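To start, the structure itself, in structure tokens.
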Amino acid sequence: MADPKVLPYVPYVAYNGSKPTGGDSLTENLNVYYESGDIAWMIMSTALVLLMIPGVGFFYSGLARRKSALSLIWLSVMATAVTSFQWFFWGYSLTFSHQAGPYIGTFDNFGFRNVLAQPSVGSSRIPDLLFAVYQGMFASITVALAVGAACERGRMLPCVILMFVWSTLVYDPIACWTWNPSGWIYKLGGLDFAGGTPVHISSGSAALAYSFLLGKRTGYGTQALNYRPHNVTHIVIGTVFLWVGWFGFNAGSALSANMRAVMAAVVTNLAACVGGVTWCLVDYRLERKWSTVGFCSGVIAGLVAITPGSGYVPPWAAVVYGVCAGVGCNFATQIKYWVHADDGLDIFAVHGIGGLIGNLLTGFFAADYIAHLDGYTVIPGGWLNRHWIQLAIQLCDSVVGMTYSFVVTLLILGAMSVIGWYIPAFVLRITPAEEEQGIDDIEIGEFAYDYVELTRNVKPLEPAHDVSQIFEDEEIDAESQRSNSRAEMVKHAELASGQGGGYMMRTLSRSPGVDDSYGHPGTIGTAT
């Protein structure tokens, strides 16, 4: 067996520097203070969390109507860009500066000043710079979750402005008091491993406030908005991105490669699975259908709920998290009707209520021996360790975070609405006529699907037939959610067959032996 003393490993040396940067890289090796395995794992976790953000976009896009599908993907990726800059500019300093107060940090690290090799406030196992980029992804996905409330009616520019302001006034303070060792919730003993309050409760509450301020979509409460998600495939793709990325989100929050990270990965996957099955069963009792959307929603709910407890609870507790999240978040989708808020994507139900459920269950099931799997974390535990007060601490954390996010978001949006009276760029909502046309066309000028080309190839055999009219999905068949062109073709084909007329439609088939000109009158072109 090889002598360990001669193996080519970089030795781990306890940090003993005093400079804000951690040392001078020209005269000393700043890598000796950290294990290369920890660095590698955290870089990979950062990439996994980044993967979650387009997952949010695809998930939201699939749930919405086709005419606003691209806008939700756009908002998600734009949230990454805006929030990452805000995080570099002053967000990281306001949240994780070494001289932070109980509610907010200082400007010591403004513009990533002196953010380099000093051990981070999150863990001495990784340097400031790595911790900064990892936590920046948390800030970005939180904003992406919240701004989904703009779906189908919110203007883009005010939403982008909101991203910067909201992350500064809402996310940064909540994250500071929850995760910074100087924060008041941290000192109180709150247990939030990966973002139950800073990420999920704050984004869910903000989405509810945003929904209130924007008002209801045109046709809310009528048959015009009785539609199913326009693209279930997008929902599945978004769910998969989120599910995979959540391993970096929860297991990465151990901030090093250790057994605690492994346990977090185990309970994360288990809670997601149980949540998906539970939601699916709850929906089946009503509709007698095995809903794909229901399963995906349950997976997300389970992931949300296990987030605060993922580094504190044993595997069997993850089953309880999944069941409670699947049932609780499913029934919470009715809250928007009780409070008369058009939360079209159920962000508050899944993230706000899911985060609350997760925080409270952590008060029950947090175990000291699970937290100590990293070798150094010591907690009194929850009810599992007969630490009864922990549940009250978790409830306090949840209620304060939810209230703060909701109220401050209302104030921010209210101020923007007032400014909008004088500066049109701050007007939050598009007009009813623009809403009818769709956010994608009005605000972006691009579409998620090139359905216009299909409509353009519909040619009438008789001049009396008008094929210029575009029918929205919900006006044709609220239950089917066909694409715009497909629905129009079906409608005209049915009319033609009943009146003796017909339409010649260009086929999209490129299969050998298939005519690539026009189909027979009254037939629908096929794509293969």
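The values are calculated or read from the model by the stated rules, or taken from the named source; none is laboratory data. A quick note: this is a predicted structure, and the numbers were derived from the prediction, not measured. A quick note on method: Cβ atoms are made from the backbone with ideal geometry, for glycine too, and the neighbour counts reach across all protein chains shown. Heads up: the accessible areas ignore ligands, DNA and RNA and are worked out on the full protein's heavy atoms, side chains in. Shrake-Rupley method; radii C 1.70, N 1.55, O 1.52, S 1.80 Å.
Worth a mention:
- Under Karplus coefficients 6.51, -1.76 and 1.60, residue-wise ³J(HN,Hα) of the range 334-349 in Hz, glycine/proline x: 7, 4, 4, 6, 5, 9, 6, 10, 8, 8, x, 9, 6, 5, 5, 4
- Added length on full extension, which subtracts the Cα-Cα distance from 0.36 nm per residue, residue 290 to residue 232: 19.6 nm
- Between residue 429 and 155, the built amide H atoms are under 5 Å apart, and every one of these is 5 or more places off in sequence or on another chain.
- Scoring 39-51, 82-94 by mean Cβ neighbours within 10 Å over their residues and listing the highest first yields 82-94, 39-51.
- Taking amide H as placed 1.01 Å from N in the peptide plane, residue 382 has its amide H under 5 Å from the amide H of 366, 367, 368, 387, each at least 5 places away in sequence or on another chain.
- Rounded to two decimals, the Cα-based Rg/Rh of the range 272-379, with Kirkwood Rh, is 1.06.
- Computed from the C-beta positions of residue 25 and residue 222 and an R0 of 56 Å, the FRET efficiency is 0.30 to the nearest 0.05.
- Computed over the range 355-425, Kirkwood Rh from alpha-carbon pairs, angstrom: 14.7
- Cα-projected label distance for residue 396 with residue 12, points at 7 Å along beta-carbon direction, nm: 3.4
- Ratio Rg/Rh [Cα only; Rh per Kirkwood] for the range 154-279: 1.03
- Full extension of the chain between residue 372 and residue 36 gives 118.8 nm of extra length, using 0.36 nm per residue less the Cα-Cα distance.
- Cα gyration tensor shape of the range 105-226, rounded if a/c is under 1.5, else prolate or oblate by comparing a/b with b/c: prolate
- Carbon/sulfur fraction of accessible area - the range 54-196, other protein chains in place, 1.4 Å, %: 71
- In this structure the range 173-305 gives 33 Å² per residue of accessible area when probed at 1.4 Å with all protein chains present.
- Length gained when the stretch residue 99-residue 417 is fully extended (0.36 nm per residue, less Cα-Cα span): 110.9 nm
- Spin-label proximity, residue 364 to the range 323-340 - amide N less than 15 Å from point 7 Å beyond Cα toward beta carbon: 323-329
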